[in-house]
1. For a Förster distance of 41 Å, can you work out the FRET efficiency between the beta-carbons of B:HIS76 and A:LEU69, rounded to the nearest 0.05?
2. Taking the Cα centre of region B:1-159 as origin, work out the dipole magnitude from +1 charges on Lys and Arg Cβ and -1 charges on Asp and Glu Cβ, in debye rounded to 20.
3. How many nm separate the modelled label positions at A:ARG50 and B:ARG161, each set 7 Å beyond the Cα in the direction of the Cβ?
4. Taking beta carbons within 10 Å but only from partner chains, what does the mean come to for residues B:102-110?
5. Rounded, prolate or oblate: pick one for chain B, where a ≥ b ≥ c are the square roots of the eigenvalues of its C-alpha gyration tensor, a/c under 1.5 means rounded, and failing that, prolate if a/b is larger than b/c, else oblate.
6. Can you show me the helix-derived [θ] at 222 nm for chain B, built from DSSP H runs with n ≥ 4 at -39,500 (n - 2.57) apiece and divided by the number of residues, rounded to the nearest 500.
7. Would you tell me the accessible area of A:GLU79, worked out with a 1.4 angstrom probe on the heavy atoms of the protein chains, in Å² to the nearest 10?
8. How much of B:TYR69 can a 1.4 Å solvent probe reach, expressed as accessible area in Å² and rounded to 10?
Amino acid sequence: LVGEETVNYDEIQSLLAPLTPRGAEPELRTRVLAAVAEELQTPQRGLWPRAALAVAAAIVVALGLNLWLDHRAEQRLAELFGPPPASKRATEVARMVAEAAGAPAGRWVYERLTARPNTSSDPAKYYAVLQRIVEETQIGFKESGHEALEENRPVDRRGPRRPGGDTSDRQRLVRGELRLTA
Amino acid sequence: MGALLQERLARGEQAAFAELYDACADRLHHYLLVRLGSRTDADDALQETFLRLARMRERLAKVESLEAYVFTVARHEAIRLAASRVQRSRKLQPLVGDELFRVAPGDANAQDTAAALAAALGQLKPELREIVELKLYAGLTFQQISQVTDLPQGTVATRYRTALAHLRSWLARKL
């Protein structure tokens, strides 16, 4: 019996083992093997090629969106402020490059020199954003008063003297709050 | 079930899958029936098991024990199906003798024995019953059961002995 030292396992096994389990119905064989045959007809779909395709598609979409947004921002700026003014100095440098290395190189240099930094179009808004950042990052270093040095009462000097450098007559007073945590 | 069958399965030979079905479908179905408690669910899980094996056939050439691997896949399918059934909150009746075992229609004595043993198996905890099913009716070794259930071999052996002791105790009280 359960909990007894000796249990005759053979006895119970000999009772259970002769029973024949009821298996699957014969019709199931046809159904399963037909489904397997259909599955074997379809080419093996590896996981990696699909994952790689998905990643590649996501990158292409992201790049496309980025370019489109960039283009839209440029268009909006041009609508608001008109085309960027040509810098005289940039024009001169570009002309010199074009003379030395050809027109495409000159155009490229001109574009690089006249590229506008990506800042807000509204100066008031830009100033407000800057101010908010400064306020958020500002940390107040006010005197908290949590720590202060407090000198002990004068010690009776008539007793034996302490060795040099002994600071045991001073103590750091910490006013910590006792908070119970969960 | 040898290495040759595994290679044929990995190549996707339909006849090899038929051979595998004939070799272990009955045992698998019985195991799935015990785990799921319904013949319809056991049928579905068996089909899903073979479909999954066909889908990942290339791996079959490399597995250590094909029998253990097939039972592992079936076990996962049973767990998946049982989880979806919990979501549908279906209640099942316990399995009786002739649902679990083949008994000659006229043999009343055999029918009584099957009914008593089915009832005795039914009162075991699922984790103990699974080991008894895999050992006695699926014919797996303790090592293979250890692979299927992801338990240490010693635990499997201990659970098997505990289950037999419980069964003996239960039968002694009831018969």
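1. Plugging the Cβ-Cβ distance into 1/(1 + (r/R0)^6) gives 0.35.
2. Charge dipole of region B:1-159: 580 debye, to the nearest 20.
3. In this crude spin-label approximation the distance works out to 4.7 nm.
4. Values: counts 5, 3, 0, 0, 0, 0, 0, 0, 2.
Per residue, the average neighbour count from other chains is 1.
5. Prolate.
6. About -23500 deg cm²/dmol.
7. Rounded to the nearest 10, that gives 140 Å².
8. The value for B:TYR69 is about 50 Å².
The values are calculated or read from the model by the stated rules, or taken from the named source; none is laboratory data. This structure is a prediction, so every number in the text was calculated from the model and none was measured. Glycine gets a Cβ as well: all are built from the backbone with ideal geometry, and neighbour counts include every protein chain shown. Surface accessibility is based on the protein's heavy atoms, side chains included, excluding ligands, DNA and RNA. Shrake-Rupley method; radii C 1.70, N 1.55, O 1.52, S 1.80 Å.
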